[in-house]
1. With respect to the cross-link table entries B:95/B:166; B:58/B:250; B:103/B:237; B:237/B:292; B:95/B:237, which display a Cα-Cα separation exceeding 32 Å?
2. Could you tell me the largest-minus-smallest coordinate of the C-alpha atoms of region B:51-309 on each of the three principal axes, in descending order and whole angstroms?
3. Roughly how tilted is helix A:115-132, in degrees to the nearest 10 and between 0 and 90, from the longest Cα axis of chain A?
4. With the cut-off at 32 Å, report for chain A the share of all Cα pairs above it, as a whole percent.
5. Only loop residues by DSSP count here, and only those with at most 10 other Cβ atoms within 10 Å; note down the chymotrypsin sites (Phe, Trp or Tyr not before Pro) in region A:87-185 that meet that.
6. Quickly estimate the mean residue ellipticity at 222 nm for chain A, helices only: each DSSP H run with n ≥ 4 gives -39500 (n - 2.57), and the total goes over all residues, rounded to 500.
7. Could you give me the radius of gyration and the Dmax of region A:46-169, taking only the C-alpha atoms into account and expressing both in angstrom?
8. Rank A:151, B:54, B:176 by how far each Cα sits towards the positive end of the charge dipole of the protein assembly as shown (+1 on Lys, Arg Cβ; -1 on Asp, Glu Cβ) and give me just the farthest.
Amino acid sequence: MTQTEWIRRIWKPLAFVLALLPFLLLAYQWYTDQLSANPIDDITDTTGTWTLRFLMITLAITPLRKITGWNWLLKFRRMVGLFAFSSVFLHFITYVYLDQFFLWEEIVADVQKRPFITVGFTSFLLMVPLALTSNDRITKWMGGKRWQRLHRLIYFIALGGVIHYLWLVKADTQRPLTYGAILLILLGSRAWFALRPRLKIRSESAGPQPE
Amino acid sequence: MLLKRQEDIRSSEITPESLYKNRRRFLKTAGIAAAGFASVSAFGLIGAGELPQNPQWKRPPAGPLNTDEDLTPFKDVTTYNNFYEFGTDKDDPSKNAGNFRVKPWKVAIEGEVRKPASYNLEDLVKPYKLEDRVYRHRCVEGWSMVIPWLGFPIADLIKKVQPTSKAKFVEFTTLHDPVQMPGQKRPVLDWPYVEALRMDEAMHPLAILVTGLYGSELPNQNGAPLRTVIPWKYGFKGCKSIVKIRFVEKEPKTTWNISAPYEYGFYSNVNPDVDHPRWSQKFERRIGEFRKRRTLMFNGYGDQVASLYSGMDLKKYF
């Protein structure tokens with residue numbers, strides 16, 4: 001098998017199953033009554049946390065690829081991104097159905113009045129176009145440049161996700177701030193990779209240029 | 001006199017307490033003896049919070065001091081806790097409070113009282129007849145339980161220690177011991193935890209000092225060995241593992257109020273019309289139920305406590 005075939009036939013299905021595990025575990029714990037006394041909160045927490053984790057993994061692929069030169073990493077990015085979307089979709093459904101039980105009046109009030117829900121809901125909405133434009137045909141139809149520009153929304157989505165988490169905790173900010181720090185490193189590395197060539201050019205061209 | 005008072009302890013309380021202690025001693029010994037035990041417990045097969053329930057306990061008949069609503073199961077009451085001294089996750093207290101030493105325990109009575117003193121807990125509690133109180137418990141986070149506490153009115157203690165006329169508030173302080181309470185190693189809150197009541201609130205017959213639940217000794221994760229319960233206020237107004245009761249003239253600074261003054265007021269009465277700035281307080285999820293229920297004014301104790309706040313703007317004094 002070629003490397004492409006290995007990835008397609010072995011590694012991708014394996015990664016898929018691995019990424020599915022947190023959800024399978026949650027379903028198992030729910031079914032066997034191993035969640036806490038407030039299972040709806042547990043489901044909300046778990047799906048929210050995994051949304052952030054999948055977003056961070058998605059964002060880590062490009063810098064990791066540039067550092068290691070492992071271009072094959074790119075082949076996993078769409079899958080991880082779609083897992084982030086699946087997770088946030090479950091998170092949203094849990095809120096609307098299990099938590100609020102379709103009390104639309106309350107839901108609308110929440111989105112308008114509670115900054116952490118406003119930010120979270122906005123990030124969720126921004127993820128929809130990214131999920132919808134994830135298949136090859138649409139990507140081709142859009143053209144690489146436009147696709148890439150649209151998908152840069154993920155920076156704002158991840159930032160929104162961290163803020164959503166930070167604003168909902170009562171006093172213990174350790175976990176949301178940890179995600180914030182990870183995001184800062186990931187976005188910082190992107191900025192560095194983007195600016196480095198320009199800085200190089202500037203420093204090379206600065207010297208010999210006459211006044 | 002003393003002998004007569006001791007008779008007040010019902011025989012039903014005695015047997016199970018020893019059962020409970022034996023079981024705990026057994027668990028402790030077994031935990032130390034068998035290394036495997038610890039690993040089993042780490043996987044959650046044996047939760048530290050699953051203390052046995054008093055088998056002889058019977059719930060008291062319904063009345064003004066006892067709701068007849070379905071009780072929240074013992075397991076839920078003892079594994080789903082907010083007790084930041086043992087960690088900020090709901091299952092942290094039941095996991096981390098197992099070795100917390102509640103004996104010996106001293107409680108200092110200080111401030112504007114005629115008889116300031118430090119008491120051994122047994123001596124402090126001995127004069128009072130312990131009563132079952134089945135109360136609704138509403139957490140500021142939006143969930144609720146129905147818990148059969150075991151305790152006595154704070155008023156009884158206040159009458160005994162004789163506050164002076166200067167005493168307008170009573171302040172409760174939790175133990176500060178980061179070695180035993182690992183949650184205090186991080187500055188999540190301004191330790192030690194301090195809570196307070198206006199004197200008339202503390203004197204209300206519904207406001208109790210608690211030493212047990214479900215007819216047994218209070219589990220560590222629920223605030224052993226002594227805590228307050230004020231059922232018409234949000235749960236955090238209850239102070240756990242109390243080491244100091246101080247009578248003061250000025251409104252004390254309380255922990256959550258210090259942490260976020262715009263979110264947690266001094267009064268913190270359960271009020272569906274005053275939202276937490278970040279979430280609605282209109283509804284609550286009763287643990288064990290699927291759909292949320294409407295939150296009641298003063299947690300359903302309005303008939304008994306509303307007069308304490310007559311003429312007060314409850315939106316201002318939230």
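1. Values: B:95/B:166 42 Å; B:58/B:250 42 Å; B:103/B:237 24 Å; B:237/B:292 23 Å; B:95/B:237 23 Å.
Over 32 Å Cα-Cα: B:95/B:166; B:58/B:250.
2. Taking the Cα atoms of region B:51-309, the three principal extents are 50, 42, 40 Å.
3. 60 degrees
4. Looking at chain A, the distances longer than 32 Å represent 28 percent of pairs.
5. A:102
6. One gets -25500 deg cm²/dmol as the mean residue ellipticity at 222 nm.
7. Rg, Dmax (Cα atoms, Å): 15.7, 51.
8. A:151
Read the figures in this text as sums done on the coordinates, not as results from a lab. Source: prediction; values computed, not measured. Glycine also receives a Cβ, built like all others from the backbone with ideal geometry; neighbour counts cover every protein chain displayed.
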